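Values quoted throughout were computed directly from the atomic coordinates according to the rules given, and no laboratory measurement underlies them. Computed from a prediction, not measured in an experiment: that's the story for all the values here. Cβ placement follows ideal geometry from the backbone for every residue including glycine, while neighbour counts extend to all protein chains displayed.
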Amino acid sequence: MIEWLRNLGAGTSADEGGNRDMFDWLRNFGAAGYGDPIDKDVGRGDLRSHLRAAAETKFESVEWFQAMLDALWPAIRGAIERDLMVGIIEPALGSKIPGLHFGDTFLGHGPPQLHGAKAVVGGYSDQKEVQMVLDLGFHPRSSFNVALALGPFRVALSELSLRGRLCVRFMNLVPRVPVVSGVKVFFANAPHISFSFGGLAKALPFTPQSVKEYVVDAISKAFVLPNSVNIHLDAFAAAFDEPDFLQYHLLHAPGHPEGVRDRISR
C-alpha cells in the first residue's frame, strides 16, 4: 500500500505493476470464499464460526498495515493506558490486593508488531460481516515504564511481552454511511503475557505470577470471548446528522460559550 500511495502521488496509473499487490489484497479481503457461511444465530456460536473459518485461512504479510499501526500507536497507547490499564486492570488488582495500583503506565514508543493478518467474510443474506484476525506481538524492551505501587513499596516491570490474536469484527454491512453498523473487538483466547519485577520485588507480599494471573483474568473478563468491546457506529453517524453538531475542537476551544456546549450535550 505504501508503494501504491507513492505511485498515486506521482500520478502513475493504478494498473501499473507495483500497485497490483494492494488491489489483490483488497480483492481477497472481500472474497466470499474466505470461509464457510456464518451461523444465523448471533452470539457466541456466531463468533466461534468466524474463528473456525479464520483458522482455515492463511495469514498474510501486510507491511502497509504495520505502517498505519506505527502512526496510530501514540493514540492507541494512550487509550490502552487510560481505559485498559487504569480503568480495568488497576481496579482488578486492587480488589485482589487492597492498595495495589499502578505507579507508572507508559507503554513505550515502540508499537506492537503485526506478524500477519487474515480476513473472513461471512454472515447471511441480509447481514454480511467481515472479521479481521491480527497476529500481534508486543515487546517494548527498555522503552516502557510500567510500575506497581503498594504503600511505600514500588516495583518496576521489566521484560514485558504479549502475544495474541486480536479479532476485529465489522458487523452488519449496510449500503449507507457508516457502511458497517458496529465493530466488535476481542481475543478468541487469552493472550500470552509475561513480565518480571525489578527493584524491591522480594519485599512485596505477592509474586509476578500472581499479578500475571490477575491481569490475564481482568483482560479475559473484558476482551476474551464471550466478552468483547462493542462500538456502535450507527450512533456516531447519527450524531453527525444533528443540525447543532459542532466539531469537537471548536466546541471545546478556550472561550467557547458554555451555553452552546450545554445545548449540544442535551
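Using the basic label-point model (7 angstrom from Cα toward the beta carbon), what is the PHE195 to SER143 distance in nanometres?
1.7 nm
Between VAL229 and LEU72, what length in nm is gained on full extension when 0.36 nm per residue of separation is reduced by their alpha carbon distance?
Details: separation 157, 0.36 × 157 = 56.52 nm, distance 1.88 nm.
Contour length minus the Cα-Cα distance gives 54.6 nm.
If you line up the Cα atoms of segment 127-169 on their principal axes, what length do they span on each, largest first, in Å?
Dimensions of segment 127-169 along the principal axes of its Cα atoms: 55, 22, 13 Å.
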